[in-house]
Amino acid sequence: MEKNISIYIVMHKIIEKKPMKGFRSLLVGAKNYKGDVPLNIEKDDSIQDNISEKNSNYCELTGLYWMWKNNKIDDEEIIGLCHYRRYFLKNILSVNKQNYLNYDNIERLMSHYDIILPKSRASKEKIIDGFTNAPRKEDMDKTREIIKNMYPEYVDSFDFFLNQNESYLYNMFIAKKAIINEYFKWLFDILFELEKQVDISNYSEYEARIYGFIAERLLNVWVLKNKDRLKVKEKYVYNETDTYLSFLKHEIASIYRRMRYGR
């Protein structure tokens, strides 16, 4: 019997692409979209319980929130998110569409793992040393204080993550329903409290994407805290605006930084 798999392709503009089996198009920031949503978009984040109007600050998280609140995740076995330009690959050997992780691959992998995440990327510096304007260090400090008050058991994982140099990016994942429901609640509890405490009125348009940026870090914290009970599979992610050569260069550079600078 086939598993019920729903991988949402989040997009902020319309693209002419027929989703693969098990993949669904989801327009994010739909409340701010000019004109009617075209019929070839399967879902948009402006219906039912939503935070669609916050898309300029929450990025793809308005799609995550919609998936959590409205899409009967409890009735689905596997759910995931990718971007209209970024997709998981089966392996590093090719970036042709035939090498994109598809329904059958996901079904097989998820019989052995709890969550699929992007291949971790290594940087030269510790995560904590990379905060400049997106997100700002003071915003991460506030995030830590909120975690300390709301979820104190996560503080050690937060500190550990900030003091090493590897991270999962893009807010992308494929996971079993029960696992990701836990993460959604934890994540939005923290972000909604942070939103009450941060004044972004003087932030640039890029800086104002604060909650999407912080969520990228928080996914790492959540995985670290729960690593003993999570079976994690990492897969390469390809951005369709890159060539295969540039994709390989990025991955080789990450491997080099991991070997040289370590955690």
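The values are calculated or read from the model by the stated rules, or taken from the named source; none is laboratory data. Keep in mind that this is a model prediction, so the values were computed, not measured. All Cβ positions, glycine included, derive from the backbone under ideal geometry; neighbour counts span all protein chains shown.
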Check your understanding: For the stretch 199-212, how many residues are among the β-branched types (Val, Ile, Thr) and surrounded by fewer than 18 Cβ atoms within 10 Å (Cβ to Cβ)?
Key -> 1
Review point. Of everything in the stretch 145-173 that's aliphatic (A, V, I, L, M) and buried (at least 17 other Cβ atoms within 10 Å of the Cβ), which residue is modelled with the lowest pLDDT?
Key: 162
Exercise for review: Kindly list the number of the only condition in (1) touching a helix residue (DSSP H, G or I) at 6+ places or on another chain (Cβ under 6 Å); (2) closer than 24 Å to residue 177 by Cβ; (3) touching a residue at least 60 places away in the same chain (Cβ under 8 Å) that fails for residue 44.
Suggested key: (3)
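Any idea which residue in the stretch 124-139 is surrounded by the most Cβ atoms within 10 Å (Cβ to Cβ), counting only those that are basic (Lys, Arg) and part of a loop (DSSP other than H, G, I, E, B)?
Only one residue tops the list, namely 136.
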Practice item. Considering every residue within the stretch 196-206, establish whether at least one is on the phi < 0 side of the Ramachandran plot, at pLDDT 95 or above and part of a helix (DSSP H, G or I). Key: yes
Exercise for review: Could you grab me the full set of residues in the stretch 161-183 that are in contact with a helix residue (DSSP H, G or I) (Cβ under 8 Å, 6 or more places away or on another chain), within 21 Å of residue 151 (Cα to Cα) and part of a helix (DSSP H, G or I)?
Suggested key: 161, 162, 180, 181, 183
Exercise for review: Would you mind finding the one in 142, 176 that is touching a strand residue (DSSP E or B) at 6+ places or on another chain (Cβ under 9 Å), of a type in the set (Lys, Arg) and buried (at least 16 other Cβ atoms within 10 Å of the Cβ)?
Suggested key: 176
Review point. All but one of (1) of a type in the set (A, V, I, L, M); (2) buried (at least 19 other Cβ atoms within 10 Å of the Cβ); (3) over 20 Å from residue 10 (Cβ atoms) hold for residue 215; which doesn't?
Key: (3)
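Condition (residue is basic (Lys, Arg), closer than 22 Å to residue 211 by Cα and either crowded, with 16+ Cβ neighbours inside 10 Å or touching a Cys at 6+ places or on another chain (Cβ under 7 Å) (or both)) applied to the stretch 84-102: is it met by at least one residue?
Step one: list which residues in the stretch 84-102 are basic (Lys, Arg), which gives 85-86, 90, 97.
In the following step, the residues that additionally are closer than 22 Å to residue 211 by Cα were identified as 85-86.
Within this subset, residues satisfying the condition of being either crowded, with 16+ Cβ neighbours inside 10 Å or touching a Cys at 6+ places or on another chain (Cβ under 7 Å) (or both) are 86.
Taking every residue of the stretch 84-102 in turn, at least one turns out to be basic (Lys, Arg), closer than 22 Å to residue 211 by Cα and either crowded, with 16+ Cβ neighbours inside 10 Å or touching a Cys at 6+ places or on another chain (Cβ under 7 Å) (or both).
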